[in-house]
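Below is one structure, written out as structure tokens; comments come after it.
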Amino acid sequence: MDPIIWEKGESWFNSQGWSSFGFQREAWKAYSDGYCGLVNAPTGSGKTYSLLIPILLEPSANSKSKGPRAIWITPIRALAKEIELSANKATKGLGTKWRVGVRSGDTSTKERAKQKENPPEFLITTPESLHLLLSQKGGTAYFENLRAIVVDEWHELIGSKRGVLMELALSRLKGICPSLKVWGISATIGNMDQSLQVLLGNFYEANRFKVIKAQIEKKVEIISIFPDELERMPWSGHLGIQLLDKVIPIINNSKSTLIFTNTRSFAEIWYQKLLAKAPELSGILAMHHGSISAVTRNWVEDQLHEGKLKAVVCTSSLDLGVDFRPVETIIQVGSPKGVARFLQRAGRSGHQPGATSRIYFLPTNSLELTEAAALREAIHQKIVEDRFPYIRSFDVLVQYLVTLAVGDGFRPEEILSELRGTVSYSSITDEEWIWCLNFITSGGEALTAYDEYRKVMVQDGVYKVESKQIAHKHRLSIGTIVGDTLMHVKYATGKYLGTIEEYFISSLHIGDVFWFAGQCLELVRIKEMEAHVRKSKRKSGKVPSWQGGRMPLSSQLSEMIRLKIDESASNKESDEEMLFLKPLMDLQKNRSHLPTKSEFLIEYFQSSEGYHVLMYPFEGRNVHEGLGALVAYRIAKILPITFSIAMNDYGFELLSDQPIPIFEAVETNVLGIENLSTDIYASINSTEMAKRKFRDIAAISGLIFKGMPGKRMKDKHLQSSSQLFFNVFHEYESDNLLLLQSMGEVMDFQLEEARLRQALERIATQKIIITEPEKPTPFAFPIMVDRTREKLTSEKLEDRIKKMKLEYGDE
């Protein structure tokens, strides 16, 4: 290691009143010795400076060559600002004459043009913006002096198609700069070694890497917020707001508090309810989520940094890496459904090395307190989730190939070699590669007659996009984050507030009132893709809902939930949450059974609604969706019966208007793994599910263009267009790689087939207990409510639940 780096790094740390940690010094040495690698350290331990220091002090750091010398990738915009502050502080303190720049979706057109003309030496950007840079003319020359790239919060990217985008960009940058140093920063995940392989690709095989682990124990204190009375027949979603009176004293007794909700809709609701209950918080309570304008988000972040806000209601937009020192307390509303996400949010408090992170767990129903105990157990046992990489995502690949063609163009043999150096595309065959090239040049076998799909031309062996219109449309479509079409929300006077999904705005009439960005707004008019509004004095209004807000329960947390229920069944409960829930668990025992870890519970009973079968694998909603359909299909083979299916994270329900032969079904191995894949395909409407997946694949691959800014295509038109492509491929090109991918994604990600198989293998080792309770049980009731919820407004739902409670009682 260059002693100058060590001395300057230590000297600057001392000038800040800091002491370097062992893992930071280890990273400084590994980087300066030429290694690639991964830094694994807890939130608030100073992991950013473990790589910033050696990058800025590298001997060539003051070279005058043009183009970025280091790129820092961040998955969220709030973290980009944090890295910019740290980098500017370090460059100034270390005397490095580097300029620091940020390129993201929030960067103005003027600033982007300036960066292109005179690039900053230290560039902070996102995976999508990095691909935009690869799509510009002269992109190869732009990156040729790059020495290092750091992918921050790598664990957040690896389990998504954004991680695939990153893999592809890294493969190209390594091709341009063979001596590039590739580093990642990651929280602990279960498959750390695999995540490193995905990050480094062929550099992993060269064995020139180091994994730097911080030997720092992060203490996390979980404090559950209990209702005054235990509701022994729980139902989801209603309890949280009822605990508002218990939240306000927590806010008042803390310097600054972050209140995390799992969806943007909940954030809007909590913000307005808090202000209504505690008007004294006006001006010192704020809200932060991804749909609010960048101006507002930046203001909230600045006020948090300066300690001027008492509380912020937020979503995952403030999950990662952001250092808000004044924040003392975190409140998590509802279970985050995963250990890693919970630890990430807990780490927003006590964001200094050695400090304890304190997080309050606020349940949205009483049974959810089980998850607080399960989270504590997982943290104690140091259990965290795996993040499985996406493999062979051909929609992302064809988008990437057009990106390269829009830029300087590419030679197939060079890019294929780089692709096979990635984990995601290491298995790509020559036939699949030729299919991808044909797809971007002619639209493939099914679309070859249509000129609009001949995007890429071949000249002297180089694949290029010549059309400026095609290039412009493609740059607007780069990325893998797909969702509903967004409409801009603006005051009639012109001020921009943020974005709301089109389907919500289309449900409103002119004059309707809704809540957004903490304001009660009246819809004035809709102009193209803009919703013009004005402030309303009315106190009530609709709250927008955004698609994709529901989080799946992780398999690790599922296992801990089963453990806590086993402790209750064996009368060995010790967590305060499980002791509080004892009357509920006792009622479950009295009416039916409380399963130990060696038992699997099935309940069968009749009510005024019909005949119910309920099963409790505790494996999460996605797995239960597949399991419910599978069991219904297999029972219907014994006796033709029509079912309605409902599920939550703990179990699923089959409801029929005629008796269900559940005992015969169990005897004939209705829960067996024989012919599993065949039966799953037969039990679900796999074609319809694949069509829904294909819509996103079509958008990512460039089959569908969502429209120019301000003139976006309506969602129903997108859906009909994607279905048309799906049907054409299904009929005329059944081996189309995008079509096959849509079917695979249904099984792998929507139904989680591998996890479903593991659940059935576990059930095969358990004793099956079938009970016939006279009334629904505490485990059954929330699933039945969720089924009813789909059909009723919130007011009618509460009336219906009151009737259900009177009918079923809790005695």
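The values are calculated or read from the model by the stated rules, or taken from the named source; none is laboratory data. Not measured: the values here are computed from a predicted model. Here Cβ is always computed from backbone atoms with ideal geometry, including for glycine, and neighbour counts include all displayed protein chains. In case anyone asks, the SASA skips ligands and DNA or RNA and just uses the protein heavy atoms, side chains included. Shrake-Rupley method; radii C 1.70, N 1.55, O 1.52, S 1.80 Å.
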In cubic angstrom, how much convex hull volume per residue do the alpha carbon atoms of region 1-140 span?
-> 120 Å³
When the Kirkwood radius is taken over all Cα pairs of region 488-620, what Stokes-Einstein diffusion coefficient follows at 10 °C and 1.306 mPa s, in µm²/s?
-> 82 µm²/s
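Pop the C-beta distance of LEU275 and VAL462 into the FRET formula with R0 = 60 Å and round what comes out to the nearest 0.05. Numbers along the way, then the final one.
Working: r = 59 Å, r/R0 = 0.99.
The pair LEU275/VAL462 has a calculated efficiency of 0.50.
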Cα-based reach from LYS114 at 18 Å (exclusive), listing aspartates and glutamates while leaving out same-chain residues under 8 positions away = GLU84, ASP106
Per DSSP H run of n ≥ 4, the term is -39500 (n - 2.57); total these for the chain, divide by its residue number, and report the mean residue ellipticity at 222 nm rounded to 500 deg cm²/dmol.
-> -13000 deg cm²/dmol
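At a Förster distance of 35 Å, what's the computed FRET efficiency of TYR491 paired with ARG420, Cβ-Cβ distance as r, to 0.05?
Working: r = 53 Å, r/R0 = 1.50.
That gives a FRET efficiency of 0.10.
Above 27 Å lies some portion of the pair distances; for region 128-264, what is it as a whole percent of all C-alpha pairs?
Values: 4500 of 9316 pairs.
Tail fraction, whole percent: 48.
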Around SER427 (Cβ within 13 Å, Cβ-to-Cβ, excluding SER427; K/R +1, D/E -1) the net charge comes to -1
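Among VAL785, VAL666, what's the order by accessible area (1.4 angstrom probe), most exposed first?
Values: VAL785 0, VAL666 35 Å².
Of VAL785, VAL666, the descending order of accessible area is VAL666, VAL785.
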Taking the simple approach of a point 7 Å from Cα along Cα-to-Cβ for both SER507 and ASP106, what is their distance in nm?
-> 2.9 nm
So, with points 7 Å from each Cα along the Cβ direction, the GLN469-LEU579 label distance in nm works out to 7.3 nm
Would you please give the residues with an amide H less than 5 Å from that of VAL465, counting only those at least 5 places away or on a separate chain, with H modeled from the backbone geometry?
-> VAL406, MET457
Contour minus Cα-Cα span, LYS775 to ALA636, at 0.36 nm per residue, comes to 47.5 nm
Under a 1.4 Å probe, counting only protein heavy atoms, ASP451 has an accessible area in Å², nearest 10, of 120 Å²
Using a 1.4 Å probe on the protein chains only, how many percent of the accessible area of the chain belongs to carbon and sulfur?
-> 49 percent
Simple spin-label model, 7 Å along Cα-to-Cβ: SER598 to LYS116 in nm?
-> 6.9 nm
Provide the gained length on full extension for the span THR678 to LYS89, in nm with one decimal, where the gain is 0.36 nm per separating residue minus the Cα-Cα distance.
-> 206.1 nm
What size of dipole, in debye to the nearest 20, comes out for region 239-324 about its Cα centre when the only charges are +1 on Lys and Arg C-beta atoms and -1 on Asp and Glu C-beta atoms?
-> 240 debye
Backbone HN-Hα couplings from phi across region 98-107 [Karplus 6.51/-1.76/1.60, Hz, Gly and Pro as x] = 9, 9, 10, x, 10, 10, 8, x, 8, 6
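Please grab the % of Cα pairs in the chain that end up more than 53 Å from each other.
Details: 41941 of 328455 pairs.
Counting pairs separated by more than 53 Å, the tail of P(r) holds 13 percent.
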Excluding residues fewer than 8 positions from LYS537 in its own chain, the aspartates and glutamates with Cα under 20 Å of it are GLU268, GLU280, ASP512, GLU522
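First select every other residue whose beta carbon is under 14 angstrom from the beta carbon of LEU199; then total the charges, Lys and Arg +1, Asp and Glu -1.
Once positives and negatives cancel, what remains is 0.
At most 12 other Cβ atoms within 10 Å and a DSSP loop assignment: could you name the GluC sites (Glu not before Pro) in region 180-240 that fit? Intermediate results must be reported in sequence, preceding the final value.
Values: sites: GLU205, GLU217, GLU221, GLU229, GLU231; in loops: GLU217, GLU229, GLU231.
Listed in order of number, the matching sites are GLU217, GLU229.
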Taking only Cα atoms of region 235-285, radius of gyration then Dmax in Å | 11.0, 34
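To the nearest 20 debye, what is the magnitude of the charge dipole of region 509-636 about its Cα centre, counting +1 on the Cβ of each Lys and Arg and -1 on the Cβ of each Asp and Glu? Don't jump to the answer; show the numbers that get you there.
Working: 18 positive and 17 negative charges, 162 e Å.
So the dipole magnitude of region 509-636 works out to roughly 780 debye.
For region 548-599, state which trypsin sites (Lys or Arg not before Pro) are in a DSSP loop and have at most 11 other beta carbons lying within 10 Å of their beta carbon. Numbers along the way, then the final one.
Details: sites: ARG550, ARG562, LYS564, LYS572, LYS589, ARG591, LYS597; in loops: ARG550, LYS572, LYS597.
For trypsin sites (Lys or Arg not before Pro) across region 548-599 that sit outside H, G, I, E and B with at most 11 neighbouring Cβ atoms in 10 Å, the list reads ARG550, LYS572.
Diagonalise the Cα gyration tensor of region 257-379 and give the resulting equivalent ellipsoid semi-axes, square root of 5 times each eigenvalue, largest first, whole Å. Before the final figure, lay out the partial values.
Numbers: eigenvalues 102, 62, 33 Å².
Calculated on Cα positions only, the semi-axes equal 23, 18, 13 Å.
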Taking LYS691 as the anchor, which lysines have their alpha carbon closer than 26 Å to its alpha carbon, excluding any fewer than eight residues away along the same chain?
-> LYS161, LYS455, LYS473, LYS706, LYS711, LYS714, LYS716, LYS791
proj_area_mean for region 586-632 (convex hull on C-alpha atoms), units nm², value 4.2 nm²
